[in-house]
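All remarks here apply to the structure that follows.
The values are calculated or read from the model by the stated rules, or taken from the named source; none is laboratory data. Note that this is a predicted model, so its numbers are computed, not measured. With ideal geometry, Cβ positions are generated from the backbone for all residues, glycine too; neighbour counts draw on all protein chains shown.
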There are 2 protein chains.
Amino acid sequence: MANITKKVSWSSRGDDSGLAGEGTPLLNGTEIPKPSRQLSGSGSVFRIGRFSTVDLEDDITSEEDPIRGRPKEIPHNEKLLSLKYESLDYDNIENQLFLEEERRMSHMGFRCLEISRWVICGLIGILTGLIACFIDIMVEKLAGCKYQVIKENIEKFTEVGGLSISLILWAVLNCAFVLVGGIMVAYIEPIAAGSGIPQIKCYLNGVKIPRVVRLKTLLVKVLGVICSVAGGLAVGKEGPMIHSGAVVAAGVSQGRSTSLKRDFKMFEYFRRDTEKRDFVSAGAAAGVSAAFGAPVGGVLFSLEEGASFWNQMLTWRIFFASMISTFTLNFFLSIYHGKPGDLSNPGLINFGRFESDSVAYYYYELPLFMGMGAIGGLLGALFNSINYWLTIFRIRYVHRPCLQVMEALLVAAVTATVSFTMIYFSNDCQPLGPEHNEEYPLQLFCADGEYNSMATAFFNTPERSVRSLFHNQPGSYNPLTLGLFTLTYFFLACWTYGLAVSAGVFIPSLLIGAAWGRLCGILLASFTPTSPIWADPGKYALIGAAAQLGGIVRMTLSLTVIMVEATGNVTYGLPIMLVLMTAKIVGDYFQEGLYDIHIKLQSVPFLHWEAPATSHWLTAREVMSSPVTCFNRIEKVGTIVDVLSNTSTNHNGFPVVVQVLDSDEPAKLCGLILRSQLIVLLKHKVFVELARSRLSQRKLQLKDFRDAYPRFPPIQSIHVSQDERECMMDLTEFMNATPYTVPQDTSLPRVFKLFRALGLRHLVVVDDENRVIGLVTRKDLARYHLGKHGLEELQLAQT
Amino acid sequence: MANITKKVSWSSRGDDSGLAGEGTPLLNGTEIPKPSRQLSGSGSVFRIGRFSTVDLEDDITSEEDPIRGRPKEIPHNEKLLSLKYESLDYDNIENQLFLEEERRMSHMGFRCLEISRWVICGLIGILTGLIACFIDIMVEKLAGCKYQVIKENIEKFTEVGGLSISLILWAVLNCAFVLVGGIMVAYIEPIAAGSGIPQIKCYLNGVKIPRVVRLKTLLVKVLGVICSVAGGLAVGKEGPMIHSGAVVAAGVSQGRSTSLKRDFKMFEYFRRDTEKRDFVSAGAAAGVSAAFGAPVGGVLFSLEEGASFWNQMLTWRIFFASMISTFTLNFFLSIYHGKPGDLSNPGLINFGRFESDSVAYYYYELPLFMGMGAIGGLLGALFNSINYWLTIFRIRYVHRPCLQVMEALLVAAVTATVSFTMIYFSNDCQPLGPEHNEEYPLQLFCADGEYNSMATAFFNTPERSVRSLFHNQPGSYNPLTLGLFTLTYFFLACWTYGLAVSAGVFIPSLLIGAAWGRLCGILLASFTPTSPIWADPGKYALIGAAAQLGGIVRMTLSLTVIMVEATGNVTYGLPIMLVLMTAKIVGDYFQEGLYDIHIKLQSVPFLHWEAPATSHWLTAREVMSSPVTCFNRIEKVGTIVDVLSNTSTNHNGFPVVVQVLDSDEPAKLCGLILRSQLIVLLKHKVFVELARSRLSQRKLQLKDFRDAYPRFPPIQSIHVSQDERECMMDLTEFMNATPYTVPQDTSLPRVFKLFRALGLRHLVVVDDENRVIGLVTRKDLARYHLGKHGLEELQLAQT
């Protein structure tokens, strides 16, 4: 077979692999031996080597203009994999300390832990519900004030003329809100931008996105989303709720706040990645549950994103958190609305109840629904493509905070202007019925007792607009209004997603879909004026909304359940499923889902569900990093400090080996130790002098590792004196003595399955005498993906 | 650490492990070294060694009476683990043949496979839907005829006297149906007894239950369930639907029927356990979906039972199968009911639609609901306990087919008698309203224009009775009727489950719960006569039904969704969740779920989600079987035949090793080969003469293995001549060259996680030089379970 690959990883700060950098940097850092036998198969690797991967922070180059002097352009290409993202340890580090603790723990102890887990999930549910409640009430209050002020202003100026002043007022109010939100996000916590769903997906997948579950992120996210929705942007508050739930979970489960420097000395057992991940998935589910009043949908959402670690007890806990979250939200909202105890209005968003009698459907409508699903898929792919190019543009040119805030302001102003223009030129007047649901009916140039129909769509929070489209009487909108609205809102929403504001894409998608769906319904009704079943365009609005949302985000199972739970009627289960599936199939043909695009554009080493189909001809030998920096079981402190300090090879996991005396052979594997563990050991000076008398005052315990988790100090902050450098360090007790290993001939799909199923961070490749010959990390696996022309290999880079 | 355990496995026919039997049989075949250091922990092993594990087929002994002569008593104890169940290979066997095939396959080839998978799922959905349709129509026809005949008879004899003739008629009709069903199950296919859900759970878990997915089983199951429901037993037809769906899936996905000896030469790629399992989970989901009109519930059911192998694409395929199944059923039922195209009545069972206006609930009802959940949990635990003792009794004394049929007949006759008596002595007459839903209203001794209320509950198929309890007007039942009905039906249902008939437990549970739930509602209403909210006892019937079902089967997430989908109203989502969770928590305190009890009583080596909490002090060294029978890479045919023929060590997996010359040390691991592969090799005589010229005509291909799958011939059927015995066999091409391995110090939870996450069958334990020192199989892991007093170890036995 092929010789051992030598991959040279240079300037790979943040690389997971224990890869010893040697040799000079090459522009194409990767070299894969392709034995001719294997090339005969269909899966051939296309190497993407157009871009130099020189450390971009110091030496900024661009695709078009590699000369220095235009530093504002950051080159970007989605065929890169960033090295700055590290992995989370979703596999327990079973070292002696851990095993001793587990063995000491009684049956009762495990029961107590289990009860703590339930308690934490309850807390997560309650807090998430409260946050959702807060967001909802604040948005309602602020948006209410804003629309009231503008409405009065418009009414004042409609007759005397000078509506341009109203326009300016509207634009200024919008910009003011967005300015606050934008500044917070751009200057204080950029990770809080967007819906947060891609970040949570990555987290559950096992990628450590810096600062994604911090308290500051939560604050900025919550306040930011209030500002952006109140600022009239084409955004929803549901995505950020999911992120908020995840942050709450990560915080509560640790029993302390590192940001606030408070440690409640609770839940210390849960201070590791595995446990935290379980709670974060509960938090995300609670967020979905609060946002849509969909507890089952929440569980399914977490499932669709991170099912590889599922088990029954965990499912139930997640379900519990979701239930509590919906319940809390409902309870407090019912008090706020003055009807305490009425729990029939779950969720932040409320689509209104579809009663089954009025909206039955017949089987011959199903092809129509599927057609709408296909349209949704097409429009979704268009949306995603436009947003993709926009995001590339933003990465290249709009990367300074001030520019980002200015863009957000521009969008806010344009949104107000476009809305105003549309309303102004619309002559779609509808009678103001006795039971109209409009919160802010604008009369404008309509006759008395009538209101401007375009204004119900634009002059409203998006949630209310969706509900109006679903439930208003047939004839409330004329087709031109809906058509124009769809067109403008489509581009506004597309422009808005990806701005430096905290904002979700669910509601805008639903709104676009509801608009063209209702349009379809009206058109169909006009073709068959005698048949009663077309009578309700609200039904088509619902189907259109599902199609559009499915076309953009490409979830099926969880989205079906969310839609069913949010509409409160299971009759539409089957049509919604069909529509979502059609939208997904059609959409996937052209473009990936929106969240996947954003994950890819961030160059996150995301592991999909399975290895690419045509990757069987790759083996561990070819994908692994090699040679590997190993430590001896008893290692010199100086060596450890030097390896850890080496910024060019910032490895995180090191196999521990037993030296074979008088031999140059690779040594036999006996364990695996992490950078974070070594840091704690160095910090506590757990050294052994050569005379074997311990320097350290006390024996190191698991608690010391837990206290340092998750923000381990950098090696630079730890001072090691020259004397100490000469000491030895005994790693036996701290290393994971039984790391998972694979032989070098293992096929990539097999390695991938092992890695994904167990949530590994490092997988040691050994030869048939158990000697370390390589190390597989997340990035080694994420590099391979299936492109249009077969297997492609992504380039690793520092971006 | 401890010395290597030597477990002596004797008369272990069907054992998975490659364990060389040596030494003399001991009564306590297992010996576990317990280093004193480890015993200091809480997890101490209680050995259960009361029963001799002498091969019970030949030498029947019993607990009470160890003397021969009473062979009809089969001793049984749930602290045994049967050796007769083998494991399925849910990990792909990646040998050279497989890898070469995968490497040859183009990107397009994988696309086609993916499309085939979708097509198969569609077919599974359609066929499952058709079967459900067939069952539904047949049951309705047969039960309709039966009740019509009895009704006319009763009406004839009510006035003239001699109702005992009606009773006899009723009993005889019931017995006739049950006789047919019972004979089919007891004599033709005993595995078709019961609901089939425990068997499907085991299958998805990775245990090979003989004949569980065969065509004959399907036929017996379908006809059997029609007979038992038409025969008036307290059973439902929903559980068997799930089993039927699974069988359909296993059949369709293989593109052939081994029973009918037809091979359509399709879907050959899917002829292995991994792929088949994926389809079987789709089939089970389609079954649930058809039974309850709950496609999402179906997906969740499969998820709750087998989530360890989940991934997104699979979820969607399963969802697709579920959708198609509901749709097919709906479509054909709507034609049958004369309203083609009306798809609003999904599922075999139809709880009727709860309209949201009439049945709102308030938050102060939630504690009441939870109270009912607790009652459900208690009653469920009682049900399960009684059924447990009954099942033990049946295993010991009622194990002959004729006895089983007689018991079924007895139950049928008693059911008819009890029902008749209850109706006869009931004086609960209700006016026959203009819009009554009763199919067969019995007037009996009531005044004209009235009907006997007890008869709506007893003189009906259980599905209809449930619907009446949910939806009949308040006042349709008096409390005494409901109380008596609950009591009698509880014991009837409990006696019925476990009979040798094809029968589900969902509907009886719902019926019991609906009866006492409605009773609760009526009682509550009588306490607060002025409040309108208690007005609808149907609401309480629904909650009671959920509580009782949850208390018996202990599912939460999937059951919530199933109930919500079946009632067509999400308003009750939250209360149903609360109730199911309460019922589960309360019930689990006393007794396991019904399906788990039956799995345990079958001594199936079922792997739960996680290793027992207190098992960290066990390591691979202690749980593994050792020494292991290994083969050399090039092995003598005679040796292989001898090892395979050895009935005392019927191993299924053999590590392949490379001999170290001049050494007695265990040889180095280089692969793993299965008994089934060796059988195929022997059958095709893939031998190498010592002179290395091949005897075999052609090179063996994957196709040969697929053709033999899944019914590999026994070794006894393969004739190997004395000359051939001297040949050699080269295993290199056929063995899995990269089996998963663990070092011997790996803790049990870690081994367990690896095993469960990857669906392994054999896990090789190696020392630090990669030499085989043991083998871990499913039975080695399933032996340990958490009892009342900490970790317990089950005994392996041949039962």
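Quick one: in segment A:490-520, of everything that is crowded, with 24+ Cβ neighbours inside 10 Å, aromatic (Phe, Trp, Tyr) and within 22 Å of the chain's Cα centre (by Cα), which residue is nearest to A:Val185 (Cα to Cα)?
A:Tyr497
What tally of residues in segment B:100-121 results from selecting those that are surrounded by fewer than 19 Cβ atoms within 10 Å (Cβ to Cβ) and either more than 10 Å from chain A (Cβ to nearest Cβ) or not hydroxyl-bearing (Ser, Thr, Tyr) (or both)?
Taking segment B:100-121 as the starting set, the residues that turn out to be surrounded by fewer than 19 Cβ atoms within 10 Å (Cβ to Cβ) are B:100-101, B:104, B:106-116, B:118-119.
Next, from what is left, pick out any that are either more than 10 Å from chain A (Cβ to nearest Cβ) or not hydroxyl-bearing (Ser, Thr, Tyr) (or both): B:100-101, B:104, B:107-116, B:118-119.
Qualifying residue count, segment B:100-121: 15.
With within 20 Å of A:Gly236 (Cα to Cα), in contact with a Lys or Arg (Cβ under 8 Å, 6 or more places away or on another chain) and modelled with pLDDT of 85 or more as the only criterion, which of A:Gly380, A:Gly352 stands out?
Details: A:Gly352 fails: modelled with pLDDT of 85 or more.
One residue alone meets the criteria, A:Gly380.
Kindly indicate whether B:Leu519 is more than 19 Å from B:Ala291 (Cα to Cα), of a type in the set (A, V, I, L, M) and either away from every other protein chain (no Cβ under 14 Å) or touching a residue at least 12 places away in the same chain (Cβ under 8 Å) (or both). Can you show your working first?
Working: more than 19 Å from B:Ala291 (Cα to Cα): yes; of a type in the set (A, V, I, L, M): yes; either away from every other protein chain (no Cβ under 14 Å) or touching a residue at least 12 places away in the same chain (Cβ under 8 Å) (or both): yes.
Judged against the criteria, B:Leu519 is a match.
Only residues that are crowded, with 23+ Cβ neighbours inside 10 Å, touching a Ser or Thr at 6+ places or on another chain (Cβ under 7 Å) and in a loop (DSSP other than H, G, I, E, B): list them for segment A:201-219, please.
A:Gly206 - this is the single residue of segment A:201-219 that is crowded, with 23+ Cβ neighbours inside 10 Å, touching a Ser or Thr at 6+ places or on another chain (Cβ under 7 Å) and in a loop (DSSP other than H, G, I, E, B).
Answer yes if at least one residue in segment A:764-780 is more than 9 Å from chain B (Cβ to nearest Cβ), over 30 Å from B:Thr619 (Cα atoms) and under 22 Å from the mean Cα position of the chain (by Cα), and no otherwise.
Yes.
Which condition number does A:Leu758 fail, the rest of (1) at pLDDT 90 or above; (2) under 30 Å from A:Val213 (Cα atoms); (3) touching a helix residue (DSSP H, G or I) at 6+ places or on another chain (Cβ under 7 Å); (4) within 9 Å of another protein chain (Cβ to nearest Cβ) being met?
That leaves (1) as the condition not met.
Quickly run through segment A:464-489 and pick out the residues that are among the hydrophobic types (A, V, I, L, M, F, W, C), under 16 Å from A:Ser426 (Cβ atoms) and crowded, with 20+ Cβ neighbours inside 10 Å. Show your work before the answer.
Going residue by residue through segment A:464-489, those that are among the hydrophobic types (A, V, I, L, M, F, W, C) are A:466, A:469-470, A:480, A:482, A:484-485, A:487.
Subsequent filtering for residues that are under 16 Å from A:Ser426 (Cβ atoms) retains A:469, A:480, A:482, A:484-485, A:487.
A:Leu469, A:Leu482, A:Phe485, listed by residue number.
Condition first: free of Cβ contacts under 8 Å to residues at least 40 places away in the same chain and farther than 25 Å from A:Glu94 by Cβ. Can you find one or more residues in segment A:229-237 that meet it?
no
Considering only segment A:712-799, give the strands (runs of 3 or more DSSP E) lying wholly within it that have at least 3 residues that are in the same structural domain as A:Thr649 (by TED's automatic domain parsing) and in contact with a His (Cβ under 9 Å, 6 or more places away or on another chain). Explain how you work it out, then say what you get.
Values: elements: A:728-730, A:741-743, A:762-766, A:772-777, A:784-787, A:790-793, A:795-797.
By residue number, A:772-777, A:790-793.
Go through segment B:740-752 and give me each residue that's within 7 Å of chain A (Cβ to nearest Cβ) and surrounded by fewer than 21 Cβ atoms within 10 Å (Cβ to Cβ).
The answer is B:Asp745, and nothing else.
Looking at A:Ala246, A:Ala250, A:Ala234, which is the one that is away from chain B (no Cβ under 14 Å), at pLDDT 90 or above and surrounded by fewer than 24 Cβ atoms within 10 Å (Cβ to Cβ)? Give the steps one after another, and end with the answer.
Details: A:Ala246 fails: surrounded by fewer than 24 Cβ atoms within 10 Å (Cβ to Cβ); A:Ala234 fails: surrounded by fewer than 24 Cβ atoms within 10 Å (Cβ to Cβ).
From the options A:Ala246, A:Ala250, A:Ala234, the qualifying one is A:Ala250.
Surrounded by fewer than 20 Cβ atoms within 10 Å (Cβ to Cβ), out of contact with any Lys or Arg (no Cβ under 8 Å at 6 or more places or on another chain) and away from chain A (no Cβ under 14 Å) - does that describe any residue in segment B:724-737?
No - not one qualifying residue is present in segment B:724-737.
All but one of (1) more than 24 Å from A:Lys146 (Cα to Cα); (2) in contact with a Ser or Thr (Cβ under 7 Å, 6 or more places away or on another chain) hold for A:Pro479, so report the exception by its number.
Result: A:Pro479 passes all but (2).
Let me spell it out: the conditions are (1) over 23 Å from B:Glu86 (Cα atoms); (2) touching a Leu at 6+ places or on another chain (Cβ under 9 Å); (3) surrounded by fewer than 24 Cβ atoms within 10 Å (Cβ to Cβ), and B:Asp273 meets all of them except one. Which number is the exception?
(1)
Here's the yes/no breakdown for (1) away from chain A (no Cβ under 12 Å); (2) within 22 Å of the chain's Cα centre (by Cα); (3) modelled with pLDDT of 95 or more:
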residue: B:Ser334; (1), (2), (3): no, no, no
residue: B:Tyr362; (1), (2), (3): no, no, no
residue: B:Pro401; (1), (2), (3): yes, yes, no
residue: B:Thr417; (1), (2), (3): yes, no, no
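Do we find a residue being small (Gly, Ala, Ser), away from every other protein chain (no Cβ under 13 Å) and either under 27 Å from B:Ala566 (Cα atoms) or more than 17 Å from the chain's Cα centre (by Cα) (or both) anywhere in segment B:258-267? So that I can check it myself, show each step before the final result.
Step one: filter segment B:258-267 for residues small (Gly, Ala, Ser), giving B:259.
Next, from what is left, pick out any that are away from every other protein chain (no Cβ under 13 Å): B:259.
Those left that are additionally either under 27 Å from B:Ala566 (Cα atoms) or more than 17 Å from the chain's Cα centre (by Cα) (or both): B:259.
Scanning segment B:258-267, I find at least one residue that is small (Gly, Ala, Ser), away from every other protein chain (no Cβ under 13 Å) and either under 27 Å from B:Ala566 (Cα atoms) or more than 17 Å from the chain's Cα centre (by Cα) (or both), so the answer is yes.
Can you confirm whether segment B:140-161 contains a residue that is within 14 Å of another protein chain (Cβ to nearest Cβ) and not polar (S, T, N, Q)? Spell out how you get there, then give the answer.
Step one: list which residues in segment B:140-161 are within 14 Å of another protein chain (Cβ to nearest Cβ), which gives none.
Scanning segment B:140-161 turns up no residue that is within 14 Å of another protein chain (Cβ to nearest Cβ) and not polar (S, T, N, Q).
Of the numbered conditions (1) surrounded by fewer than 23 Cβ atoms within 10 Å (Cβ to Cβ); (2) under 21 Å from the mean Cα position of the chain (by Cα); (3) of a type in the set (D, E, K, R), A:Lys584 fails exactly one; give the number of that condition.
(1)
Inspect segment B:186-196 for any residue being assigned by TED's automatic domain parsing to the domain that holds B:Gly239, without any contact (Cβ under 8 Å) to a residue 60 or more places away in the chain and not in a loop (DSSP other than H, G, I, E, B) and give the result as yes or no.
Yes, segment B:186-196 contains at least one residue that is assigned by TED's automatic domain parsing to the domain that holds B:Gly239, without any contact (Cβ under 8 Å) to a residue 60 or more places away in the chain and not in a loop (DSSP other than H, G, I, E, B).
Residues checked against (1) touching a helix residue (DSSP H, G or I) at 6+ places or on another chain (Cβ under 8 Å); (2) within 18 Å of A:Leu83 (Cβ to Cβ); (3) not polar (S, T, N, Q):
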{"site": "A:Thr738", "(1), (2), (3)": "yes, no, no"}
{"site": "A:Val766", "(1), (2), (3)": "no, no, yes"}
{"site": "A:Arg778", "(1), (2), (3)": "yes, yes, yes"}
{"site": "A:Gly787", "(1), (2), (3)": "no, no, yes"}
